[in-house]
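**Student:** I have a structure here, written as structure tokens, and I will follow up with some questions on it.
What follows is calculated from the coordinates using simple rules that are stated; it is not laboratory data. Worth saying up front: this structure is predicted, and the values here are computed from it rather than measured. Methodologically, a virtual Cβ is constructed for each residue, glycine included, from the backbone with ideal geometry; neighbour enumeration extends over all protein chains shown.
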Amino acid sequence: MTENPRRDWMGLLARAPADRVADRLATLLPDLPETQDLRPPEVGTVMVRGRIGATGAAFNLGEMTVTRCSLRLGTGQVGHAHVQGRDKAHARRAAIIDALMQTDRASDVQSRILTPLAQEEASRRGTRAAKAAATRVEFFTLVRGEDK
């Protein structure tokens, strides 16, 4: 975790596959509190900006579809979520988990939802890195006599 744990868990929920978030949240059922929509899930677009070599001037790369949701638990905590794509249920689940992480149940939510999702993400990244490493080409040169 970094110095901003909320940003970390919100990012994890946004990157996690929607079905995995649903499966992990189901482990807390039927103990979920009532929710009230502050901003029901809605689909929109955001402008994605990029930089050449991570140092150049920023430019508009294109638009990306996102779904956002804000809700309040019956206990008063407010949760927010932004997820890529048009999955309103995913945005709602992520907002519920964000709100639950602000309650006294945070350690339970961390161990039953966020930690398994983080482990799955690390596994996916490791698999992808291994596939990329398998296609890596090593270039080398031989020193020739006239190069001295």
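**Student:** When the chain is treated as a GNM, springs tying every alpha-carbon pair under 10 Å, which of Ile96, Ile52, Ile113 comes out with the largest mean-square fluctuation?
**Tutor:** In this elastic network of the chain, the residue with the biggest mean-square fluctuation among Ile96, Ile52, Ile113 is Ile52.
**Student:** Now, a different point. What residue among Leu28, Ala133, His80 has its Cα farthest toward the positive end of the dipole of the chain, where the charges are +1 on Lys, Arg and -1 on Asp, Glu, each on the Cβ?
**Tutor:** Ala133
**Student:** Where does helix 115-134 land angle-wise versus the long Cα axis of the chain, in degrees 0 to 90, nearest 10?
**Tutor:** 20
**Student:** Right, something else. Which residue fluctuates most in the GNM of the chain (Cα springs below 10 Å): Ser70, Ser107, Ser123?
**Tutor:** Highest fluctuation of the listed residues: Ser123.
**Student:** Where does helix 88-100 land angle-wise versus the long Cα axis of the chain, in degrees 0 to 90, nearest 10?
**Tutor:** 80
**Student:** I've got another one for you. Would you please give the FRET efficiency between Asp108 and Glu42, computed as 1/(1 + (r/R0)^6) with r the Cβ-Cβ distance and R0 = 35 Å, to the nearest 0.05? Show your work: numbers first, answer last.
**Tutor:** Working: r = 30 Å, r/R0 = 0.85.
The formula returns an efficiency of 0.75 here.
**Student:** Could I ask something else about it? From the backbone phi of the range 31-45, what are the Karplus-calculated ³J(HN,Hα) couplings (6.51 cos²θ - 1.76 cosθ + 1.60, θ = phi - 60°) in whole Hz, Gly and Pro given as x?
**Tutor:** These are the phi-based 3J(HN,Hα) values: 7, 7, x, 5, 10, 10, 5, 8, 9, x, x, 9, 9, x, 10 Hz.
**Student:** Follow-up question, since we're still on this one. For the chain, take the longest principal axis of its alpha carbons; what is the angle in degrees between that and the long axis of helix 5-15, to the nearest 10 within 0 to 90?
**Tutor:** Long axis of 5-15 versus the principal axis of the chain: about 80 degrees.
**Student:** Figure the gain on full extension for Ala89 and Asn60 (residue separation times 0.36 nm, minus the Cα-Cα span) and round it to one decimal in nm.
**Tutor:** Numbers: separation 29, 0.36 × 29 = 10.44 nm, distance 2.89 nm.
That works out to 7.5 nm of additional length.
**Student:** List the equivalent ellipsoid semi-axes of the chain in whole Å, largest first, each obtained as the square root of 5λ for an eigenvalue λ of the Cα gyration tensor. Present the calculation step by step, with values, prior to reporting the outcome.
**Tutor:** Working: eigenvalues 319, 83, 36 Å².
That gives 40, 20, 13 Å for the three semi-axes.
**Student:** Moving on. Sequence gap at least 6, Cα distance under 8 Å: using those rules, report the relative contact order of the range 13-140 to the nearest whole percent. Intermediate values should be presented prior to the final figure.
**Tutor:** Numbers: 190 pairs, mean separation 29.7, N = 128.
For the range 13-140, the relative contact order is 23 percent.
**Student:** Something else: Placing unit charges on C-beta atoms (Lys and Arg positive, Asp and Glu negative, everything else neutral), compute the dipole magnitude of the chain about its Cα centre in debye, rounded to 20.
**Tutor:** 360
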